[in-house]
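Remarks on the structure that follows.
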Ligand code: ACO
């Protein structure tokens, strides 16, 4: 029998079961707390709340572990690629060659967005943020693919393969279109002869009569960046996807909410914020020392962007991989980026500073991903969009987990009300 937790409240004792995960994570199952005692558990920001039992991704933030479906991120970064890892996130296991070919083929088959959708995209203002466009396009996918996005769980699951391929492929297509349209350029049709990442670079950068041909180092760096972002357990955007999915919403509606959640600077917007910070430091003539002092004082509202993580309190394993890939890529491309020198200095200074050490603040994946993306020719306003392309398989896998749970309930947290107590309505003439 599993251990029991005993809670004493108002001289009464309540007993709750515990749950242990396969990696020995322990949880007290408080689901009956309110009905038994009248109390709810209070955990603003959900820092200590297990919102679900999931089989997709495991993180141990205390010792810097990240695994997709049990496989360490280091092994996947070395041996796998974005498409193969995406298949595994979605369906549970690494694909056979035939399964991989079919999955990759489905993604290619669904890469072109409807001409009407591409046209709708032209209606956005030329200075529209690409992340705003992407979120709208993801929502619009449920309008242009109504046969596979019905809000009927059985039908939506029957069509899951096509919907998943559409979400993954058309996120990349919409992102490239958003980039081109906001720059007054004609969109490029997807090229099914190319790999996922090379096709994306083609849709972004090919010009009439001048097809973009990615060199292997660029192609590999982009693939790695996408793979490292593919899932990350119950973060802000993934929890949002699950929340929306729990109400029965179709895949596209759910992932568009995920994209909205990703946009903020404390989450997916951090990679853009890192480059902005590094540029500002460079332009001010600082080597990073003054900025660190300001970030420590907290007075200016400044934070060392790309540092700190809600879960990783040792190091972010993705940051180690991408930091090394970043150094290799820049050396290969012969790029001398002064922002990289500032980033190196910030990292060294922060890692030796008691403020950051005592708060367990280490570089996260976004500290270096912006520099990698810049070296690939991706402009800063597209960085969060790149994160969304990478995270899409994780969102889709989490949507599927919710959709396939026959006992799943709509997610509906409680609150502790602190507003005015009961009072009477006052007619307007009597209001002071
Ligand atoms: N720079 C300076 N101080 C920081 C930073 C930072 N980047 N991050 C946290 N702190 C300090 C806080 O001021 C606070 O100090 P205090 O205890 O003296 O008040 C302490 O560390 C704890 O901070 P919290 O905000 O409570 O930590 P939390 O776990 O809630 O926040 C977060 C995590 C949002 C990622 C935060 O570290 C941050 O804002 N980092 C910069 C933005 C960033 O890089 N986000 C990307 C996250 S990774 C991702 O989404 C892929």
Quiz item: If we sort 113-125, 367-379, 13-25 on the protection proxy, mean other Cβ atoms within 10 Å, highest first, what's the order?
Solution: 367-379, 113-125, 13-25
Exercise. Report the FRET efficiency, 1/(1 + (r/R0)^6), for residue 417 and residue 62, where r is their Cβ-Cβ distance and R0 is 30 Å, rounded to 0.05.
Key: 0.30
Quiz item: Would you list 46, 362 from fewest to most Cβ contacts within 10 Å?
Solution: 46, 362
Exercise. Could I have the simple spin-label model distance between residue 22 and residue 276, label points 7 Å from Cα toward Cβ, reported in nm to one decimal?
Key: 4.0
Practice problem: Using Cα pairs closer than 8 Å and at least 6 residues apart in sequence, work out the relative contact order for the range 54-130, in percent. | Solution: 16
Self-check item: Spatial separation of Cα centroids for the range 148-196 and the range 338-358, in angstrom
Solution: 39
Quiz item: How would you order 387-399, 131-143, 61-73 from highest to lowest mean count of nearby Cβ atoms within 10 Å?
Solution: 387-399, 131-143, 61-73
Self-check item: Zone of residue 36's modelled label, taken as backbone nitrogen in the range 1-24 under 11 Å from a point 7 Å along Cα→Cβ
Solution: 4-9, 13-18
Exercise. Using only alpha carbon pairs under 8 Å that are at least six residues apart, calculate the relative contact order of the range 270-375 and give it in whole percent.
Key: 44
Quiz item: Between the range 37-55 and the range 367-432, how many Å separate their Cα centres?
Solution: 17
Quiz prompt | Contact order normalised by residue count of the chain, Cα under 8 Å, 6+ apart, percent | solution = 20
Quiz item: When the helices in the chain are scored as -39500 (n - 2.57) per DSSP H run of 4 or longer and the sum is shared across all residues, what 222 nm value do you end up with, to the nearest 500 deg cm²/dmol?
Solution: -16000 deg cm²/dmol
Exercise. Distance between Cα centroids, the range 208-261 to the range 320-337: provide it in whole Å.
Key: 23
Quiz item: Taking a label point 7 Å from the Cα of residue 287 along the Cα→Cβ vector, which residues of the range 313-346 have an amide N closer than 13 Å to it?
Solution: 341-346
Self-check item: Highest-first arrangement of 415-422, 215-222, where packing means the average Cβ count within 10 Å
Solution: 215-222, 415-422
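A short reminder: the numbers here are calculations on the coordinates, not readings from a lab. None of the values given here were measured: they were computed from a predicted structure. Methodologically, a virtual Cβ is constructed for each residue, glycine included, from the backbone with ideal geometry; neighbour enumeration extends over all protein chains shown.
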